[in-house]
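Engineer: Pasting a structure here, questions to come.
The values are calculated or read from the model by the stated rules, or taken from the named source; none is laboratory data. Remember, it's a predicted structure, so these values are computed and weren't measured experimentally. Note that we place each Cβ from the backbone using ideal geometry, even for glycine, and neighbour counts take in every protein chain shown. Just the protein is used for accessible areas: all its heavy atoms, side chains included, with ligands, DNA and RNA removed. Shrake-Rupley method; radii C 1.70, N 1.55, O 1.52, S 1.80 Å.
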Amino acid sequence: MGKGNVLNIAKLYFILEWIMWIAYINLLWIGSVLLGLVVFGILPATVAMFTVIRDLLINNAAGKDIFKTFALTYKKEFLKSNVMGFIMLLAGFILYLNFVFIQGIEGISYYVFFTGLLFIVFVYIITLFYLIPVYVHYDLSFFQYFRHAVLIGMVSPVVTIAMILGFILLYFLLNTIPGLIPFITASTIALLLMSCTLAAFRRLENKQYAAPGIT
């Protein structure tokens, strides 16, 4: 067997292994969400999913510890992740109320308030994209996670664009093959976000060798 064939087989095995991991993690996520009665299970299950995927991206050998890592993280982060989720949900609800409120404003004041709210919504979306990856990657105080998520997102526009393009590609894939939705959706989103944010983290961490970074 030629060297080229061996490499092709290794690449195929690598791809199939990741497909298996993604499907398995997605099933763990669904089961853990249900275990937490959906409302209280979404955030700890999502944090556990991102933690596992981060470990896989950094060290493929961690594949054998997927269930153990997922279960331990789910239990450990159950309360803290739900508090974090409640804060983001509350912030989103307040934004919605503000949009409803400004509908009654007329004239130039409406456009001033609307523009300001659009900027806040942009910051909110950036926080949604980066918060959990930052949470599972760094060891910070609780509210520093929100600050770091915003700051890293703001200085990483290329990474954010890559995330959006990834979402678009995933949408077309699932729209083409809807049967994949229950098997890969959540874990593929986590893989996309974690892969992109790890690239941003490495870039910022490398810059810290030459100059002070985010603290």
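Engineer: Taking the condition open to solvent by less than 80 Å² (accessible area, probe 1.4 Å) and in contact (Cβ under 8 Å) with a residue 40 or more places away in the chain, does residue 70 pass? Steps first, answer last, please.
Structural biologist: Details: open to solvent by less than 80 Å² (accessible area, probe 1.4 Å): yes; in contact (Cβ under 8 Å) with a residue 40 or more places away in the chain: yes.
Yes, satisfied.
Engineer: Follow-up. Scan segment 100-111 and report the pairs whose first residue is at positive phi and whose second residue is exposed (fewer than 10 other Cβ atoms within 10 Å of the Cβ) and modelled with pLDDT under 95, with Cβ atoms within less than 9 Å and a gap of 6+ or a chain change.
Structural biologist: Cβ pairs passing all conditions: none.
Engineer: Being closer than 18 Å to residue 45 by Cα, open to solvent by 50 Å² or more (accessible area, probe 1.4 Å) and either charged (D, E, K, R) or under 18 Å from the mean Cα position of the chain (by Cα) (or both) narrows it down to one of 151, 79, 89, so name that one. Before the answer, list the steps.
Structural biologist: Values: 151 fails: closer than 18 Å to residue 45 by Cα; 79 fails: either charged (D, E, K, R) or under 18 Å from the mean Cα position of the chain (by Cα) (or both).
On inspection, the qualifying residue turns out to be 89.
Engineer: For residue 129, only one of the following conditions fails: (1) in contact with a Ser or Thr (Cβ under 7 Å, 6 or more places away or on another chain); (2) of a type in the set (Phe, Trp, Tyr); (3) open to solvent by 80 Å² or more (accessible area, probe 1.4 Å). What is its number?
Structural biologist: Status for residue 129: all satisfied but (3).
Residues are listed down the side, and each one gets a yes or a no for (1) open to solvent by 40 Å² or more (accessible area, probe 1.4 Å); (2) in contact (Cβ under 8 Å) with a residue 12 or more places away in the chain; (3) hydroxyl-bearing (Ser, Thr, Tyr); (4) not in a helix (DSSP H, G or I):
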| residue | (1), (2), (3), (4) |
| --- | --- |
| 160 | no, yes, yes, no |
| 166 | no, yes, no, no |
| 175 | yes, no, no, no |
| 190 | no, yes, no, no |
| 193 | no, yes, no, no |
| 201 | no, yes, no, no |
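Engineer: Scanning segment 92-105 for residues that are surrounded by 11 or more Cβ atoms within 10 Å (Cβ to Cβ) and within 22 Å of the chain's Cα centre (by Cα), which turns out nearest to residue 143 (Cα to Cα)?
Structural biologist: Top of the filtered list is 92.
Engineer: Yes or no: residue 76 among the basic types (Lys, Arg) and at pLDDT 95 or above?
Structural biologist: Working: among the basic types (Lys, Arg): yes; at pLDDT 95 or above: yes.
Against the criterion (among the basic types (Lys, Arg) and at pLDDT 95 or above), residue 76 qualifies.
Engineer: Another question, then. Give segment 137-158 a look and list any residue that's among the hydrophobic types (A, V, I, L, M, F, W, C) and part of a helix (DSSP H, G or I), or say none.
Structural biologist: Narrowing segment 137-158 to residues among the hydrophobic types (A, V, I, L, M, F, W, C): 140, 142-143, 146, 149-152, 154-155, 158.
Answer for segment 137-158, where residues must be among the hydrophobic types (A, V, I, L, M, F, W, C) and part of a helix (DSSP H, G or I): 142, 143, 146, 149, 150, 151, 152, 154, 158.
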